[in-house]
Amino acid sequence: MFCVIYRFTVKPDREAQFRRHWLAVTRWYYRNAGSLGSRLHRADTGEHIGYAQWPSRHVWERQRVESDAESQAHRQAMRACCESIEVVYELETTDDLLRQDVAGGREEPFGKDSR
């Protein structure tokens, strides 16, 4: 498994828009590009930290060229909400002891009819 950790510095008063576009981008990657899902956290610094899982580095790299116009529009809108976006770490999983039977586990995280 391959994981990427992102740091988002969101512009003041743009958090709701940022999160809406982040969710749309994440849904698209999950449904269309092989993503295993992602989590978004707000740090005590006010920054947002995103954690995304992929089956491999190759699948993560491939998603950059496979997205459609709608997902690209959401990515651009998400970027416009941020002062900066940084890939903090690119990680190969060596051991995985997270529980799989809790939120974010093996079930469809967006529901079958969510869009």
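The values are calculated or read from the model by the stated rules, or taken from the named source; none is laboratory data. These numbers come from a predicted model, not from an experiment. Methodologically, a virtual Cβ is constructed for each residue, glycine included, from the backbone with ideal geometry; neighbour enumeration extends over all protein chains shown.
So the values come out like this:
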read-out	value
Single unsatisfied condition, residue 5 versus (1) touching a residue at least 40 places away in the same chain (Cβ under 8 Å); (2) aliphatic (A, V, I, L, M); (3) surrounded by 16 or more Cβ atoms within 10 Å (Cβ to Cβ)	(3)
Any chance residue 42 is more than 11 Å from the chain's Cα centre (by Cα), of a type outside the set (S, T, N, Q) and surrounded by fewer than 19 Cβ atoms within 10 Å (Cβ to Cβ)	yes
Given (1) within 22 Å of residue 17 (Cβ to Cβ); (2) modelled with pLDDT of 80 or more, index of the condition residue 109 fails	(2)
Hits in segment 8-29 (condition: buried (at least 18 other Cβ atoms within 10 Å of the Cβ) and either closer than 17 Å to residue 55 by Cβ or among the β-branched types (Val, Ile, Thr) (or both))	10, 25, 26, 28, 29
Condition broken by residue 12, with the remaining ones in (1) under 17 Å from residue 82 (Cα atoms); (2) in contact (Cβ under 8 Å) with a residue 40 or more places away in the chain satisfied	(2)
Of the criteria (1) loosely packed, with under 12 Cβ neighbours inside 10 Å; (2) of a type in the set (S, T, N, Q); (3) over 12 Å from residue 7 (Cα atoms), which one residue 71 fails	(1)
Which listed residue is under 10 Å from the mean Cα position of the chain (by Cα) and among the polar types (S, T, N, Q), from 53, 72, 76	53
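Here is a yes/no grid of residues against (1) of a type outside the set (A, V, I, L, M); (2) in contact with a helix residue (DSSP H, G or I) (Cβ under 9 Å, 6 or more places away or on another chain):
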| site | (1), (2) |
| --- | --- |
| 28 | yes, yes |
| 31 | yes, no |
| 45 | yes, no |
| 49 | no, no |
| 58 | yes, no |
| 62 | yes, no |
| 87 | no, no |
| 90 | yes, yes |
| 97 | no, no |
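For (1) part of a loop (DSSP other than H, G, I, E, B); (2) at pLDDT below 90; (3) aliphatic (A, V, I, L, M), each residue gets a yes or a no:
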site: 31; (1), (2), (3): no, no, no
site: 46; (1), (2), (3): yes, no, no
site: 64; (1), (2), (3): no, yes, no
site: 101; (1), (2), (3): yes, yes, no
site: 115; (1), (2), (3): yes, yes, no
